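Scroll down for the structure; my scribbles are underneath it.
The values are calculated or read from the model by the stated rules, or taken from the named source; none is laboratory data. Since the structure is predicted, the reported quantities are computational estimates derived from the model, not experimental observations. Cβ: placed from backbone, ideal geometry, glycine included. Neighbour counts: every protein chain shown.
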Amino acid sequence: MNDSIRSQFPILHQHVNGKPLIYFDNAATSQKPLAVINAIEDYYKQYNSNIHRGAHHLAQMATEKYEDARKTVAQHINASEREINFVRGTTEAVNLVATSYGRKFIKAGDEIIVSEMEHHSNIVPWQMLCEEKGATLRVIPITDSGEIIFEEYLKLLSEKTKIVSIAYISNALGSIHPVKEIIRAAHEVGAVVFIDGAQALPHKKVDVKDLDCDFLGFSGHKVFAGTGIGILYGKEELLEKMNPYMGGGEMIKSVSFAGTTYNDLPYKFEAGTPHIEGGISLGAALNYINEIGLENISAYEDELLAYGTEKFLEVEGLRIVGTAKNKASVISFLVNDIHPYDLGVLLNEQGIAIRTGHHCCQPLMDRLKMEGTCRASFAFYNTKEEIDATANALKRAVKILS
Amino acid sequence: MQKSVGDIENEIVEEFELFDDQMDKYEYIIDIGKKLPALDAKYMTDDFLVKGCQSKVWLHAYEKDGQLFFEADSNTAITKGIIALLVRVLSGQSAKEIISSPLSFIDKINLRAHLSSQRSNGLSSMIVKMKAYASAFS
């Protein structure tokens, strides 16, 4: 890694507040390589057209590229194309399952399980479903170090459990959950499992057959593609049983006032003109990271995590929030009783982008008895030099704030 | 004799002109915040919270002999410094003066440009709240 990789990300080569930009907010969104930027530009310059209709050349080309992207996604996570639904992002993926699967199959008295450290988007749709159906949301507790307590999870499982929904990797703390074991245990009681893969896809290989998850959602923009596009994977037999999420064009086979028949998978869940260049950008992004190799990416990010942990801990008074044994390249931290916003502002002043706040995980923050944290999250285009510079910038900020 | 809003603003602008480095400006803002007299705990409730700020700001106002006095606190150091600057400029002024003051020092010390939009909104919220108190007392 690195100079050749950094040269592929034009946005990284700029100054912020007079200092070279250090972008450590990758868990919020990732930056885009030229391969992705060019794919979007090519679409608008060369073959912008509506897809799946129209016999003309541009329409055929756009359709082909969009469907190629679906194929790329399917191969990337080891699924079939019929199981790959383009959605707006992970949030829509959760909502689609909560609505189309949940409304059809969840009854009063059923239980849905999430963990204490989920993103709001993997809590609120289930709360809404539970409220509507008279079902109950059960919560897997976590340890102080930010790991789910597996024995407690097993205790929550029963024949009442119908859905388990959990993040592969925590966005706030970086903890990697043992999802394979979680899925296996859920299946033993007959529940289906939704995996929030938003933080996992950028860092590691995700194989839906190996995991045996029933649903997987992820967002394009976190995996180096454009914003507004994401994926819902679902096992074909489950998607077939579900009702459409939205009605409109594209998702129908035939429409009449006597009755409408729905289109086949995956189009059944894709009403309206889709985010065509978004889908194409996602295909380009996955091809790009596969060229580098996810194993290489994971190994390099592990190195950054170890180095960053060591360097950050050299800052006096700094404590890391979330010390799970199995962690992705995310460091959440606090320094003495300094408010995270103050550190965020003073790092920004030195050209460094980190995230501060509750990271859309208020229940987790309540559990850890804190209002929020500072979070630095690394991608494969980050460097050890950037970590050094950030540790120094932190020391300066802490001195001012103490 | 109470200094005018304009005089205090000029003093602040002169103080900030001493700093070339933005980090030094922040350090100065934070120091000003540290010197802000503590706000009585009974005012640190949701009733006194300035809405629209990303960090928490509590603001209390009272009138004495035709002048309006402000007391404030915040849970973050930088915001506390900013509200302290506003208190320094506006506390002890007449309601009329508070309402009509354009507070041009904020742009002169280049404060707004260096605060993220949410914080900048917070800054506006603080000013709106102080002026609203003044309107209520005038």
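Below are the figures for this structure:
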{"quantity": "For A:LEU334: the one exception among (1) farther than 24 Å from A:GLY197 by Cβ; (2) without any contact (Cβ under 8 Å) to a residue 24 or more places away in the chain", "calculated": "(2)"}
{"quantity": "Region B:66-99, residues that are outside any helix (DSSP H, G or I), more than 14 Å from chain A (Cβ to nearest Cβ) and over 13 Å from B:GLN2 (Cα atoms)", "calculated": "B:PHE70, B:GLU71, B:ALA72"}
{"quantity": "Checking A:ILE252 against (1) of a type in the set (A, V, I, L, M); (2) under 22 Å from the mean Cα position of the chain (by Cα); (3) farther than 26 Å from A:THR136 by Cβ, the condition it does not meet", "calculated": "(2)"}
{"quantity": "Cβ pairs under 7 Å, 6+ apart, first in region A:245-257 and under 10 Å from A:TYR267 (Cα atoms), second of a type in the set (Lys, Arg)", "calculated": "A:MET251/A:LYS268"}
{"quantity": "Residues of region B:52-65 satisfying the condition of being over 17 Å from A:PRO340 (Cβ atoms) and either within 14 Å of chain A (Cβ to nearest Cβ) or touching a Lys or Arg at 6+ places or on another chain (Cβ under 8 Å) (or both)", "calculated": "B:LEU59"}
{"quantity": "Meets criteria (outside the structural domain of A:SER165 (by TED's automatic domain parsing) and surrounded by 14 or more Cβ atoms within 10 Å (Cβ to Cβ)) for A:ALA27", "calculated": "yes"}
{"quantity": "Residues satisfying the stated conditions in region B:46-65, i.e. over 18 Å from B:LEU123 (Cβ atoms) and assigned to a loop (DSSP other than H, G, I, E, B)", "calculated": "B:ASP65"}
{"quantity": "Residue match in region A:143-150 (condition: crowded, with 21+ Cβ neighbours inside 10 Å, at pLDDT 95 or above and part of a loop (DSSP other than H, G, I, E, B))", "calculated": "yes"}
{"quantity": "All positions within region A:366-392 that are crowded, with 19+ Cβ neighbours inside 10 Å and free of Cβ contacts under 8 Å to residues at least 60 places away in the same chain", "calculated": "A:GLY372, A:CYS374"}
{"quantity": "Strands (runs of 3 or more DSSP E) enclosed by region A:326-402 - at least 1 residues per element that are within 30 Å of A:VAL124 (Cα to Cα), facing chain B (nearest Cβ under 10 Å) and out of contact with any strand residue (DSSP E or B) (no Cβ under 7 Å at 6 or more places or on another chain)", "calculated": "A:355-357"}
{"quantity": "Test for B:PHE48: is it away from chain A (no Cβ under 14 Å), farther than 24 Å from A:LEU401 by Cα and either of a type outside the set (Val, Ile, Thr) or surrounded by fewer than 21 Cβ atoms within 10 Å (Cβ to Cβ) (or both)", "calculated": "yes"}
{"quantity": "Test: residue in region A:51-64 that is within 23 Å of A:LYS204 (Cα to Cα) and out of contact with any Cys (no Cβ under 9 Å at 6 or more places or on another chain)", "calculated": "no"}
{"quantity": "In region B:16-45, residue nearest to the chain's Cα centre (by Cα) [restricted to those that are within 14 Å of chain A (Cβ to nearest Cβ) and in a loop (DSSP other than H, G, I, E, B)]", "calculated": "B:PHE19"}
{"quantity": "Meets criteria (within 14 Å of chain A (Cβ to nearest Cβ), assigned to a helix (DSSP H, G or I) and charged (D, E, K, R)) for B:ASP7", "calculated": "no"}
